[in-house]
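The values are calculated or read from the model by the stated rules, or taken from the named source; none is laboratory data. Treat the numbers as computed from the prediction; the structure is a model and nothing was measured. Every residue, glycine as well, gets a Cβ built from its backbone with ideal geometry; the counts of neighbours run over all protein chains shown.
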Amino acid sequence: MRIERIRRDTEKLEERDVASVKKRCVSLSGFIRASWPIVIQQPYIHGWHIDFICQHLEAITYGTFLEQGLENRLLINVPPGTMKSLIVCVF
């Protein structure tokens, strides 16, 4: 009985955790925040440039620029160490 109760409680916690992660991962920026501790074992420091790059990558992915008649390209010019390679290639 006790083992079954522990198992049920654990499953409920896992379901809640999965649901909360899914809520945070609706955008690329949210996915980066949620998966950062798994990929990189350093503290995450969020900046506005991360949201900006993520929004542009999502617009390219979903064809937002093409719908508006714009070219589907992105050139990222930010200083070294500002996560451009991690955002584009890893996440």
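Listing for the model above:
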| item | result |
| --- | --- |
| From Ile76, Ile45, Ile87, Ile60, residue being within 15 Å of Phe31 (Cβ to Cβ) and of a type outside the set (Asp, Glu) | Ile87 |
| Top-ranked residue of the stretch 56-77 - restricted to ones that are surrounded by 14 or more Cβ atoms within 10 Å (Cβ to Cβ) and modelled with pLDDT of 90 or more, ranked as farthest from the chain's Cα centre (by Cα) | Ile76 |
